[in-house]
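Report on the following structure.
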Amino acid sequence: MKHNKEYSYIAGFLDGDGCIHLGKKRSASKIEVAVTDFEPIQFIADHFNKKMRMKYERNSPFNVKPRYRTACSGFDLIPHLKGLLPFLVEKRNNSFAILKQYNAYEFSPYLQHNREEFFAWLAGFSEAEGHFGARKRKTSKSKRTTSSGKKIYDYTETSYQLVNTNESLINYVLCKLRDYGITKKMKYNTLNRYTKTCPITKKTITRKPIYRIFLGGGDALFLYKEIYPFMKIKRKKDKIIESIKLSKEKKYKHKRLKEALTHYEAQ
C-alpha cells in the first residue's frame, strides 16, 4: 500500500537522522527531524500535516548550511507513531514507550517488511546515513613493452556506502540485501572507536565504533534500481543517474555490471 511505503520511508529517515524523544511528561514527547536537505523534511511535514521551518546557525563557528526542521508532538503523535511502529528499527523502543504513555499501544509486528516496504525504508535510511559516489577516473596500466610501456584508459568508479554505529542494524540490512539477491557479500568494515580534538572548539570528541557497508559496480546498480523510486533528495538521485551514465560508458565491464545494466537499457 502507498501509505505503508510512505511510513516505511519516513521510518528509515527517522532511524538514520531523526529524533523520537520520550519526555518525562506526555506533552514533552515528540518526533523531530532537522537536516540541511529540504526535500525529505517537506515530505515528512506534509505527511504529518505540520509546517517546515528553516533555521540559520548564525553563531556557529562552522560554515554550516541552513537546516530545515519539522516536529510533531502531543496527541497528534499517536496515529503517526502507530503507522511508523511496524517499520522502525533503531527508534522503535522510544516509539513503543511513547504509545504506552498515552495508553495507545497496540501489537505491532517487528522487522516484517515486505520487499517494497524494506526498500522504501532503506531509501530513507540511505538518504540519512548513506553516501552515493560516481566518478570517472584516469589511470595507467602496463599493456606491453613499447616505447612508453603504458596505456592510458578511463574507468568508472561507482560506489554506495552505508554507515552507522548500530551493529545489529547493519547486520539486518546486510541479511536483507543477501536475501533479495542484491549482493552476495556478507562482510562490512569496522572503524574502531577513537578520539580527536576539534580544531575550532578545541573540545575532545569521542567517536563510537562505526560499521560500514560498501557496494560497488553491479551490486550498487542493483540496489539503486530498488531504492531510487522512493528517494526524495535531488542531489543524491542525481548521483545515481550519473553512476548509471558512467557505467554505460565503461569499456571493460564485469559480468555482474553487465547484468545490472540490462535493467537500464531503455534509460
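The values are calculated or read from the model by the stated rules, or taken from the named source; none is laboratory data. Note that the structure is predicted; figures quoted are calculated from it, not measured. Neighbour counts are summed over all protein chains in view; Cβ atoms, including those assigned to glycine, are modelled from backbone coordinates with ideal geometry.
Enumerate the pairs (first residue in the stretch 155-174 and of a type in the set (G, A, S); second residue anywhere and in a helix (DSSP H, G or I) and modelled with pLDDT of 90 or more) with beta-carbon separation below 8 Å, excluding pairs fewer than 6 apart on the same chain, so at least 6 apart or on different chains.
Matching pairs, first to second residue: S159/A220.
At least 2 residues that are under 19 Å from the mean Cα position of the chain (by Cα) and surrounded by 14 or more Cβ atoms within 10 Å (Cβ to Cβ) in each: list the helices (runs of 4 or more DSSP H) lying fully within the stretch 1-112 that qualify.
Details: elements: 2-17, 38-48, 77-84, 92-101.
The helices (runs of 4 or more DSSP H) meeting that bar are 2-17, 38-48.
Inspect all residues belonging to the stretch 217-232 and state whether any of them is within 15 Å of F132 (Cβ to Cβ) and either touching a Cys at 6+ places or on another chain (Cβ under 8 Å) or at pLDDT below 90 (or both).
Yes, the stretch 217-232 has at least one match.
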